1. Which of the helices (runs of 4 or more DSSP H) found entirely inside the stretch 103-162 contain at least 2 residues meeting this: closer than 16 Å to G18 by Cβ, at pLDDT 95 or above and open to solvent by 30 Å² or more (accessible area, probe 1.4 Å)?
2. Given the condition exposed (fewer than 13 other Cβ atoms within 10 Å of the Cβ), outside any loop (DSSP other than H, G, I, E, B) and under 14 Å from the mean Cα position of the chain (by Cα), answer yes or no: does some residue in the stretch 77-91 qualify?
3. For the stretch 56-75, indicate whether the set of residues that are part of a strand (DSSP E or B) and open to solvent by less than 90 Å² (accessible area, probe 1.4 Å) is non-empty.
4. Report yes if E87 is among the acidic types (D, E) and farther than 26 Å from N42 by Cβ, otherwise no.
5. Of the residues in the stretch 85-118, how many are closer than 26 Å to Q49 by Cβ and either free of Cβ contacts under 8 Å to residues at least 40 places away in the same chain or charged (D, E, K, R) (or both)?
6. Is the stretch 21-30 home to any residue that is over 23 Å from M78 (Cβ atoms), among the charged types (D, E, K, R), under 14 Å from the mean Cα position of the chain (by Cα) and modelled with pLDDT of 90 or more?
7. Return the pairs, sorted by first residue and then second, in which the second residue is open to solvent by 60 Å² or more (accessible area, probe 1.4 Å), the first residue lies in the stretch 1-17 and is part of a helix (DSSP H, G or I), the beta carbons are less than 8 Å apart, and the residues are 6+ apart or on different chains.
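The values are calculated or read from the model by the stated rules, or taken from the named source; none is laboratory data. Because the structure is predicted, anything quoted here is derived from the model rather than measured. When we count neighbours, we look across all protein chains shown, and the Cβ atoms used for this are built from the backbone with ideal geometry, even at glycine. For accessibility, only protein heavy atoms count, side chains too; no ligands or nucleic acids. Shrake-Rupley method; radii C 1.70, N 1.55, O 1.52, S 1.80 Å.
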Amino acid sequence: SASGVISCHTCHNLSLGGTDRLPTSLGHDFLTGGRNAPTVLNAAFFNQQFWDGRATGLEEQAEGPIQAGVEMAMPDVMAVLAIENIEGYLPYFEAAFPDEETPIAFENTTRAIAAFERTLLTPNDGLDRYLRGEENALSDDAKRGMEMFTQAGCVACHNGPM
C-alpha cells in the first residue's frame with residue numbers, strides 16, 4: 001500500500017481461508033469500505049470478480065484494490081516503483097515477460113498477481129470430499145450452513161468448485 005502497511009495478504013490471509021474474517025476490511029489509513037474481502041481461494045473459477053461482479057477477470061480485479069483509496073491507495077506508477085525496489089524481483093519479471101522492454105510494469109504486475117491467484121485452488125477440501133460422499137468431511141455446523149446456503153439459492157452461482 002502507499003503506507004507500506006497494507007498488503008494483499010492483509011485482507012486475503014490464506015491462513016484464514018483467503019479472507020480477513022472482518023465485516024468490512026481495513027485498508028489504507030485505517031479506512032474501511034462497504035464490504036469485506038471475498039476469498040481468493042478458487043477465484044480462478046469465476047468469470048466475474050468482486051461481490052458485485054464489476055471485474056471480468058483476475059487481471060482486471062487485481063488493478064482495483066491496489067489503486068483504491070480506501071484499500072491500498074497506491075497509484076499504478078507508485079506500485080511499479082515499489083516493485084522495482086524489491087531486490088531480486090527483476091529477474092522473475094524478465095523471465096515471466098521476456099518480450100517486454102520494461103518487464104516491471106503495472107499491467108505485468110496485475111498479470112503476475114492473477115497467475116498466482118490461479119494457483120489458489122482447493123480441490124480436496126472438506127466440502128469437495130463431502131459432496132463425493134464422505135459424510136464426516138463436514139462438521140454438523142458446516143452441514144447446517146450448507147443447508148441454509150442451498151435454501152437461500154446461493155448454489156445457483158456457487159456450485160461445484162465455486
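1. Once the helices (runs of 4 or more DSSP H) in the stretch 103-162 are filtered for at least 2 residues that are closer than 16 Å to G18 by Cβ, at pLDDT 95 or above and open to solvent by 30 Å² or more (accessible area, probe 1.4 Å), what remains is 106-117.
2. no
3. Here is the first cut: in the stretch 56-75, the ones part of a strand (DSSP E or B) are none.
Checked against the condition, which is being part of a strand (DSSP E or B) and open to solvent by less than 90 Å² (accessible area, probe 1.4 Å), the stretch 56-75 yields no hits at all.
4. yes
5. Initial filter on the stretch 85-118 (closer than 26 Å to Q49 by Cβ): 86, 89, 92-93, 96-97, 100, 103-118.
Still in the list and also either free of Cβ contacts under 8 Å to residues at least 40 places away in the same chain or charged (D, E, K, R) (or both): 86, 89, 92-93, 96-97, 100, 103-105, 107-108, 111-112, 115-118.
Total satisfying the criteria: 18.
6. The first filter runs over the stretch 21-30 and keeps only residues over 23 Å from M78 (Cβ atoms), leaving 21-24.
Those still in the list that are among the charged types (D, E, K, R) too: 21.
Then keep just the ones that are under 14 Å from the mean Cα position of the chain (by Cα); that gives 21.
Add one more test, that the residue is modelled with pLDDT of 90 or more, and what stays is 21.
Yes: the stretch 21-30 contains one or more residues that are over 23 Å from M78 (Cβ atoms), among the charged types (D, E, K, R), under 14 Å from the mean Cα position of the chain (by Cα) and modelled with pLDDT of 90 or more.
7. Pairs that qualify, where the first residue is part of a helix (DSSP H, G or I) and the partner is open to solvent by 60 Å² or more (accessible area, probe 1.4 Å), are T10/L26; C11/L26; C11/E71.
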